[in-house]
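The values are calculated or read from the model by the stated rules, or taken from the named source; none is laboratory data. Bear in mind the structure is a predicted one, so any value in this text is a computation, not a measurement. Counting neighbours? That spans all protein chains shown, and the Cβs are built from the backbone with ideal geometry, glycine included. What goes into the accessible areas is simple: the full protein's heavy atoms, side chains included, and nothing from ligands, DNA or RNA. Shrake-Rupley method; radii C 1.70, N 1.55, O 1.52, S 1.80 Å.
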Amino acid sequence: MFVIYGVTDCPHCLRAQALCMEKDVDYTWVMMDWSKEYRELIKGTFNWTTYPIITKLDYQSGDENLVGGFDELQARLLSAEE
């Protein structure tokens with residue numbers, strides 16, 4: 001499952017959600033609008049400076065690994081089709 005950390009007025013955040021829906025991929029949306037401190041914490045945790053920050057969550061281990069932003073998600077999902 002993908003985790004999309006994003007803000008509601010971000011076009012790339014909305015596109016990431018739409019892409020997951022279009023490709024029928026499980027995802028969860030973490031709205032980061034209300035806490036600047038938490039936004040900065042997540043940026044530091046994943047060493048990514050822009051939103052969305054997209055991760056892949058492993059259900060069994062609980063590990064959450066950085067995928068990147070919208071472009072990286074799109075490349076990953078499109079390459080999975082080939």
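Side notes on the structure shown:
- Residue match in the stretch 67-79 (condition: assigned to a loop (DSSP other than H, G, I, E, B), without any contact (Cβ under 8 Å) to a residue 24 or more places away in the chain and open to solvent by 40 Å² or more (accessible area, probe 1.4 Å)): no
- Contact map, the stretch 4-17: residues that are β-branched (Val, Ile, Thr) paired with residues that are open to solvent by less than 30 Å² (accessible area, probe 1.4 Å) and part of a strand (DSSP E or B), Cβ distance under 9 Å, separation 6+ or inter-chain. Pairs shown: Ile4/Ile53; Ile4/Ile54; Ile4/Thr55.
- Matching residues in the stretch 31-66 - criterion: being touching a Ser or Thr at 6+ places or on another chain (Cβ under 6 Å) and of a type in the set (A, V, I, L, M): Leu66
- Residue count for the stretch 36-82 under the criterion of being polar (S, T, N, Q) and closer than 19 Å to Leu14 by Cα: the result is 4.
- In the stretch 18-56, the residues that are closer than 14 Å to Val67 by Cα, open to solvent by less than 70 Å² (accessible area, probe 1.4 Å) and assigned to a helix (DSSP H, G or I): Cys20, Ile42, Lys43, Phe46
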